[in-house]
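Enquirer: Encoded as structure tokens, here's the structure I'll be asking about.
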Amino acid sequence: MLPSDRDLLLDAAQRAIRYREALGARRVGPAPEAVAALKQFRVPLPEHGRDPREVIESLDRVAGPATVSMAGGRYFGFVNGSSLPVTVASNWLATGWDQNSALFAMSPAAAVIEEVALRWVLDALQLPLDAGGAFVTGATIANFTALAAARHKVFRETGWDVDNDGLFGAPPVTVVVGEEVHTTVRRVLGLLGLGRTRTVTLPVDGQGRIRADSLPRLSGPAIVCIQAGNVNTGAFDPAHEICHWAKAAGAWVHVDGAFGLWARAAPDRAALARGYELADSWATDAHKWLNVPYDCGIAMVRDASALAAAMSMTAAYLPQSGPREPMSYSPDGSRRARAVDVWAALAFLGRDGLAELVDRCCRHAAVFAAKLSASGVEVLNEVRLNQVLVAFGDADRTSRVIAAIQAAGVCWCGGTKWQGRDAMRISVSSWATTEDDVERSAASILEAAARA
């Protein structure tokens, strides 16, 4: 590496550090003028290359102010986590290593760290330690990966080889979801050829939980999708009852647990997610409550052989030389070493630190709910996890309040629709959120509501 390259990397690191250090003082959403300045990037491809220092300076000067302060403590939109400093550092180091983590032969370090990180995640979530798994881009692809294994297994049990013969002429498979199933699960069902809307859709209660008294009779091959943590309310489907009902019919149970599954890592919250260990597959995000850098999702499948069969890919130039080949469990071939950040987060936090992080976010959510409710804001959900769902009256007023909150820049919350109501979500999933962040944000929300 040339001395100029070293200077370039140090300059970029110093700029990133300054950005992180300023998060507490900057507004959460970018100012309109910062967004408008992004037009400087809309130019033709340059005929000649630019000095690398100028390239980095442009990114910092123009793009930096137009970013959203997701890494700070007052971003409560889209259930996005912040990256722990140790995972930012591990990410920088892994990027410097520049490892393709597809095969053991490509990177023994990445392969072994992935194996260990997967086992740690399964341990933390109290799931079978011998389950198969893959580190993917996010919960969408984690759902895809796990449901591909489910599709393989349920068709194989009918004598149909769906991976080689496809779905033409295949026996029908019943897919069961709740009315509040996350939209990404329907998207994945479409990608897998099972149909976005060709589902048996079960009614839910006022919190979005599948009603255990509504379970129909199942016959033939079936896949049942439940969720740990409703995206609006944080509610959990009755997994224990559903799993026993599904297992009695020979159905595969898949859990969409993008953030809620991490409740199982906190003893004081684990009862919310009772019964999810009985499922056959699970999908979650590490870039939400584990607070690693984007992007990182995790697919976990009880029957590791079903996952490997669904993801199988062979070629003469791809040596199978290690105890575990990462690409054998993932839809990706070439991919970055995502598991390094997961390992770093869990090594730093430990079991007790992870539990405290989850509990702290839930306590912050409860404080939000109490403060807003005491001031007359309508809280629409049972605040038992990290989600607070509120409304400020009718749809028009709720929309105006949300716009005012975002314009003020103290915090960032987003709108949603909940069982026919326009509402606003407050999603607390950042390690960086402090009591002061909650106080400041609640005051800003109430001020916006008063103005509206």
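Enquirer: Would you tally the residues in segment 238-286 being farther than 17 Å from Gln387 by Cβ and assigned to a loop (DSSP other than H, G, I, E, B)?
Expert: Here the count works out to 10.
Enquirer: Of all the residues that make up segment 161-220, how many are β-branched (Val, Ile, Thr), in a helix (DSSP H, G or I) and farther than 17 Å from Asn143 by Cα?
Expert: The number of residues fulfilling the criteria is 1.
Enquirer: For the structure I just gave you, tell me whether Ala36 is part of a loop (DSSP other than H, G, I, E, B), closer than 24 Å to Gln406 by Cβ and of a type in the set (A, V, I, L, M).
Expert: The answer is no for Ala36.
Enquirer: Let me ask something additional. State whether the residues of segment 100-108 include one that is within 30 Å of Ile445 (Cα to Cα) and touching a Leu at 6+ places or on another chain (Cβ under 7 Å).
Expert: There is no residue in segment 100-108 that is within 30 Å of Ile445 (Cα to Cα) and touching a Leu at 6+ places or on another chain (Cβ under 7 Å).
Enquirer: Do we have Leu290 as in contact with a helix residue (DSSP H, G or I) (Cβ under 8 Å, 6 or more places away or on another chain), modelled with pLDDT of 95 or more and in a loop (DSSP other than H, G, I, E, B) here?
Expert: When the stated conditions are applied, Leu290 passes them.
Enquirer: Residues being of a type outside the set (Lys, Arg) and outside any helix (DSSP H, G or I): count how many of those fall in segment 39-60.
Expert: Count: 8.
Enquirer: I need the full set of residues from segment 115-158 which are in a helix (DSSP H, G or I), in contact with a helix residue (DSSP H, G or I) (Cβ under 7 Å, 6 or more places away or on another chain) and small (Gly, Ala, Ser), in order please.
Expert: Once the filter is applied, which keeps residues that are in a helix (DSSP H, G or I), in contact with a helix residue (DSSP H, G or I) (Cβ under 7 Å, 6 or more places away or on another chain) and small (Gly, Ala, Ser), segment 115-158 yields Ala117, Ala124, Ala139, Ala148, Ala149.
Enquirer: Can you find a residue that is over 30 Å from Leu385 (Cβ atoms) and outside any helix (DSSP H, G or I) anywhere in segment 3-24?
Expert: yes
Enquirer: Right, next: If the requirement is being over 30 Å from Glu382 (Cα atoms) and buried (at least 18 other Cβ atoms within 10 Å of the Cβ), which of these qualifies: Ala299, Ala316, Ala337?
Expert: Selected residue: Ala337, the only one of Ala299, Ala316, Ala337 that is over 30 Å from Glu382 (Cα atoms) and buried (at least 18 other Cβ atoms within 10 Å of the Cβ).
Enquirer: Would it be correct to say that Glu378 is without any contact (Cβ under 8 Å) to a residue 60 or more places away in the chain and under 30 Å from Ala270 (Cβ atoms)?
Expert: Considered against the rule, which asks whether it is without any contact (Cβ under 8 Å) to a residue 60 or more places away in the chain and under 30 Å from Ala270 (Cβ atoms), Glu378 comes out as yes.
Enquirer: Here's a check for you: in segment 167-204, which residue that is in contact (Cβ under 8 Å) with a residue 24 or more places away in the chain and either closer than 16 Å to Thr233 by Cβ or not assigned by TED's automatic domain parsing to the domain that holds Pro331 (or both) is surrounded by the fewest Cβ atoms within 10 Å (Cβ to Cβ)?
Expert: Pro203
Enquirer: Got at least one residue in segment 381-395 being assigned to a helix (DSSP H, G or I) and outside the structural domain of Leu147 (by TED's automatic domain parsing)?
Expert: yes
Enquirer: Based on what the data block shows, is Ala63 closer than 27 Å to Arg440 by Cβ, among the hydrophobic types (A, V, I, L, M, F, W, C), free of Cβ contacts under 8 Å to residues at least 40 places away in the same chain and assigned to a helix (DSSP H, G or I)?
Expert: yes
Enquirer: Something else about it: Have a look at Ala263, Ala270, Ala283 and point out the one that is out of contact with any Gly (no Cβ under 8 Å at 6 or more places or on another chain) and not polar (S, T, N, Q).
Expert: The unique qualifying residue is Ala270.
Enquirer: Another question, then. Has segment 269-280 got at least one residue that is aromatic (Phe, Trp, Tyr) and farther than 20 Å from Asp341 by Cα?
Expert: yes
Enquirer: Another question about this same structure. Do you know which of the residues in segment 267-298 that are within 16 Å of Leu129 (Cβ to Cβ) and small (Gly, Ala, Ser) is nearest to the chain's Cα centre (by Cα)?
Expert: Per the criteria, the residue is Ser281.
The values are calculated or read from the model by the stated rules, or taken from the named source; none is laboratory data. If you're wondering where the values come from, they're calculated on a predicted model, not measured in any experiment. Cβ sites come from the backbone with ideal geometry, for glycine too, and all protein chains shown count toward neighbours.
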